[in-house]
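Here is the structure we will look at.
Just so you know, all these numbers are worked out from the coordinates, no wet-lab data involved. Note that the structure is a prediction, hence the values are computed from the model and not measured. Don't worry about glycine lacking a Cβ; one is built from the backbone with ideal geometry, like all the others, and counts go over all protein chains shown.
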Amino acid sequence: MEQTISIEKRIQELLSDDPLFQVIQETPAEQFFLSELYLTELIEKKYYSTPEVASWFDVTDAQLRYYIKPFEDYLFDGQATNPTTATVIRLDFRAILKLRMILLLKDEYRVKGLKQLLRINQDGHIIKQVSAPENFPDATYDKRLDTLSKAFAQIMHTGLFQMEQSEDNEEMKLTLNENFLLQKIKGLPESSQEIEKLQLHMEQLEQQNQELTEKVEGILISNKEDIAIKIREKHIEQSVLNRLESEAIKEYAAKGSQRFRKLFRSTQLEIEKKQFIAAYIDEHFSEQLTQELHQYHKRLVE
């Protein structure tokens, strides 16, 4: 008698190396994704039309096609046997699962963010990972990779820089996070002297940006770690930052209740609030992020 496995285990087998599934697994949406009712209707070797799939996901056929178009290379993976035509799109079991993950993550990452996670260039093709040089000694390569990865992590933890995909080609580049700096400036007292110092500091950072960009490009070329780990690290960093900001706002509101009884100007109160939040995050961010990443990597090893 032929053995069968649960739909949940089958999905985990099919998507074990999928970057979007790696993200889904670290969110509350994982159990929802693995247990939706439409899964009981799916037959793995059968193809389904977009109107039928759209009805399962509670979207229109037009909306479903909108999210298929930018991700065709990812969804169909060069399937020569797919019966899709110029007007009729047919989706198999794996393509339906991938499309569902796109719909679950679209609000958080948008189309641009999802394409970056999947390393899809402007032509709609997935960029292949660069493998380690065959003639490079493993021990030396791993040591160099570890050093470069730590340097890159330290750069990103400052919040002064962010990763963006070049509009001209598929390369990822390190750019100055101007929004982060502007927020820091707005959080300071309205002192022209202090603002001038910050502007001078920004100019110095811009001068160093080219050198840092070259270093990060070297890290990206050398890095052989799985892309899902990097995605998760970024997700953890953002989660810690959001949590600390929320905690800071609550603590400020609790400690500042007496201050609101005083007749301060509203602008001064806003300045004090931003200063408090920035100081709170600066004090707790590094420690909590280090703990989160340590636990994540410990789980990977186990």
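Straightening the chain between LYS112 and SER6 buys 34.8 nm, computed as 0.36 nm per residue apart minus the Cα-Cα spacing.
All other residues whose Cβ lies under 13 angstrom from that of LEU37 are scored, Lys and Arg at +1 and Asp and Glu at -1, for a net of -2. Site pair GLN199 and LYS255 shows an inter-label distance of 3.2 nm when each label is modelled 7 Å from Cα along Cα→Cβ. Close amide H pairs (under 5 Å, H built 1.01 Å from N) link TYR48 with LEU91, ASP92, residues at least 5 positions away or on another chain. Of LYS128/LYS197; LYS98/LYS274; LYS115/LYS255; LYS46/LYS69; LYS9/LYS106; LYS106/LYS128, which ones are farther than 32 Å apart at the Cα? Table pairs above 32 Å Cα-Cα are LYS128/LYS197; LYS98/LYS274; LYS115/LYS255. The local environment of SER239, defined by Cβ-Cβ distances under 13 Å, has a net charge of -4 under the rule Lys, Arg +1 and Asp, Glu -1.
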